[in-house]
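The values are calculated or read from the model by the stated rules, or taken from the named source; none is laboratory data. This is a predicted model, so every value here is computed, not measured. Note that each Cβ is placed from the backbone with ideal geometry, even for glycine, and that neighbours are counted across all protein chains shown. Calculation scope for accessible area: heavy atoms of the full protein, side chains included, ligands and nucleic acids excluded. Shrake-Rupley method; radii C 1.70, N 1.55, O 1.52, S 1.80 Å.
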Amino acid sequence: QVQLVESGGGLVQAGGSLRLSCAASGRTFSSYRMGWFRQAPGKEREFVAAISRSGGSTNYADSVKGRFTISRDNAKNTVYLQMSTLKPEDTAVYYCAANRFYSTSEAPDDYNYWGQGTQVTVSS
């Protein structure tokens, strides 16, 4: 099993940047495919970005492509989401998630482990 803890959320003005971190417990972090999802009030959880075990493959939602970058440091058991040119519509609770089998998957159901989430609020 793996436990995930997100950090780095906060309040930022439109056009600003934030970097989210997700720290994982355990010694097998490098065996997990990782993803970031978000959920805005009244909306379903949606895919943001995903990364393969080595970090060599990534996948992004069209809405964040070119603005967000997912990366990982397996030595530090951490996955990151660098968010730039933030928009008010990026406001949501952001979750990181892990799965063992589905590389760069966009489907929440493919992920077995979830963090508690971190709030990102972008003001206009």
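So, in the stretch 109-124, of the ones that are more than 13 Å from the chain's Cα centre (by Cα) and not in a strand (DSSP E or B), which residue ends up nearest to residue 4 (Cα to Cα)? Spell out how you get there, then give the answer.
Start the filter on the stretch 109-124 by keeping residues that are more than 13 Å from the chain's Cα centre (by Cα), which leaves 109-110, 112, 121-124.
Then drop every residue that is not not in a strand (DSSP E or B), which leaves 109-110, 112, 124.
On the way: 109: 17, 110: 16, 112: 11, 124: 31 Å.
Ranking the qualifying residues of the stretch 109-124, first place goes to 112.
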### Task
Might you let me know whether the stretch 101-108 holds any residue that is modelled with pLDDT of 95 or more, in a loop (DSSP other than H, G, I, E, B) and open to solvent by 80 Å² or more (accessible area, probe 1.4 Å)?
yes
### Message
Could you list, ordered by first residue, the pairs with Cβ atoms under 7 Å in which the first is in the stretch 27-44 and under 21 Å from residue 69 (Cα atoms) and open to solvent by less than 10 Å² (accessible area, probe 1.4 Å) and the second is of a type in the set (Gly, Ala, Ser) and in a loop (DSSP other than H, G, I, E, B), at least 6 apart or interchain?
### Response
35/105
### Message
Criterion first (surrounded by 15 or more Cβ atoms within 10 Å (Cβ to Cβ), touching a residue at least 40 places away in the same chain (Cβ under 8 Å) and under 17 Å from residue 24 (Cα atoms)) does residue 51 satisfy it?
### Response
yes
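Regarding residue 39, is this residue at pLDDT 95 or above and either touching a Phe, Trp or Tyr at 6+ places or on another chain (Cβ under 7 Å) or not hydroxyl-bearing (Ser, Thr, Tyr) (or both)? Can you show your working first?
Values: at pLDDT 95 or above: yes; either touching a Phe, Trp or Tyr at 6+ places or on another chain (Cβ under 7 Å) or not hydroxyl-bearing (Ser, Thr, Tyr) (or both): yes.
Here the answer is yes, as residue 39 does meet what is asked.
For (1) within 15 Å of residue 11 (Cα to Cα); (2) open to solvent by less than 20 Å² (accessible area, probe 1.4 Å), each residue gets a yes or a no:
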residue	(1), (2)
70	no, yes
80	no, no
87	yes, no
99	no, yes
110	no, no
115	no, yes
